[in-house]
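Contents: one structure, followed by commentary.
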Amino acid sequence: MVKIKNIFLALLVFSSWISFSQVTEGYIRYERRMNLFKKYPDKDSQRWIGEKNKYSTDHFFLYFNDSSSVYIPDPDEEKNEIMKWLVLQHSMIQNFNTMQNVSLLNIYGQVVVIEDQLRPRAWKYTGKIRTIANYECKQVLLDVNDTTTLYAWFTTDIIPQVGPENFWGLPGAILGVASEDGRITYFATEVVEKKVDLEKVKPKYSNKKAGDFKALKERVAKEFTQKEAKPLVNEIMIWQYY
C-alpha cells in the first residue's frame, strides 16, 4: 500500500512538472491584420486602394530556440500585385547572445539589409490578462510618441524573449502586438514546440550593402516623394526601430 502511494505521488509530481514546463524551442505562427485606410488616410490613396482592399491579412512564422530567432513571411502565402506594394513583408534574424539584429526589409520589391543591435523598449505593465493561442498573456503598453501607443501581450510559458517583427525584451514570448487605433495587429494563431534548425529557415542575404536605420531614412527620403516616404518611414520606425 505504501509503495502504491509513493508511485501515485511520483506521478502527481511528474504530471505537475509537465503542466508547468516552459517552451524553449519551436515556432509561432502570427496573423497580421492591417487597416490600409488608416495607414494611408488621404482620400486619393483610399480611392486607389478601393474598399475591397481596405483590410489586408497575412501570416508570418517565428522560429526560435533559447539563443536565436528567425522571423519570415509565410512562404506559401501569395498576395496580389496591389498588396505587394501596399503591405510590406520583412524578415528578421536575431541573436540574443550577441544582441545582434539583422532586418531584411522588403521595400517595394527591393530587399534592404539593416544590421543593428537589439534595442530595449520601455514597456509599461497594465495588469490586464488575455488568452492568445491558448496561452495566458500579460498586457504591456509602449508610448511611441504623443500620438502612437502600442500594446503587447506576452507569456512566460515560452521562455525566449522573442516576438513578431523586431519586438522582444519581455520576460517571455510576445504573442500579440497592436496599435491603439487598430491600424495594425499581430496575434499568434499557433504555437508548436519542436526542434528547429534555424539555418534551414534563415533567409539568404548579402550584407555587403548593409546599413543602419539613419542611412535607410535618408535613402527613402531621396528616392520617394514626401507623400510616399512618410508612411513608409513611420511604419519602419514604429514597428522596427523605435
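Read the figures in this text as sums done on the coordinates, not as results from a lab. Predicted model only: the values in this text are computed from it and were never measured. Note that we place each Cβ from the backbone using ideal geometry, even for glycine, and neighbour counts take in every protein chain shown.
Key figures for this structure:
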{"quantity": "Dipole magnitude (debye, nearest 20) for region 23-241, charges at Cβ of Lys, Arg, Asp, Glu", "calculated": "480 debye"}
{"quantity": "Region 183-188 - phi-based ³J(HN,Hα) in whole Hz, Karplus 6.51/-1.76/1.60, Gly and Pro as x", "calculated": "5, 9, 9, 10, 9, 5"}
{"quantity": "Along principal axes, Cα extents of region 23-241, largest first, whole Å", "calculated": "47, 41, 35"}
{"quantity": "Per-residue HN-Hα couplings for region 121-138 [Karplus 6.51, -1.76, 1.60; θ = phi - 60°; Hz; x = Gly/Pro]", "calculated": "10, 8, 5, 10, 6, 9, x, 8, 10, 8, 8, 10, 6, 6, 10, 6, 10, 8"}
{"quantity": "Contour excess over end-to-end distance, with Cα ends at D42 and N134 and 0.36 nm allotted per residue", "calculated": "29.3 nm"}
{"quantity": "Cβ-derived FRET efficiency at R0 35 Å, E199 paired with D146, nearest 0.05", "calculated": "0.25"}
{"quantity": "T126-S206 pseudo-label distance in nm [points 7 Å out on the Cα-to-Cβ vector]", "calculated": "4.5 nm"}
{"quantity": "Cut-off under 5 Å, modelled amide H: who pairs with S68 long-range", "calculated": "F96"}
{"quantity": "Long-range amide H partners of G163 with built H, under 5 Å", "calculated": "I174"}
{"quantity": "Distance in nm between pseudo-label sites at H59 and R29 (7 Å out along the Cβ direction from Cα)", "calculated": "0.4 nm"}
{"quantity": "Relative packing of 59-72, 38-51, which averages over residues the other C-beta atoms within 10 Å, highest first", "calculated": "59-72, 38-51"}
{"quantity": "Distant-in-sequence amide H partners of I107 (H built 1.01 Å from N, under 5 Å)", "calculated": "V112"}
{"quantity": "Note, ³J(HN,Hα) from phi for region 148-162, Karplus 6.51, -1.76, 1.60, rounded to Hz, x at Gly and Pro", "calculated": "10, 10, 10, 10, 9, 10, 10, 10, 7, 6, 10, 5, x, 7, 9"}
{"quantity": "Computed lengthening from D76 to Q100, 0.36 nm per intervening residue step minus Cα-Cα distance", "calculated": "5.8 nm"}
{"quantity": "Computed Kirkwood radius, in angstrom, where 1/r is averaged over Cα pairs of region 68-161", "calculated": "16.0 Å"}
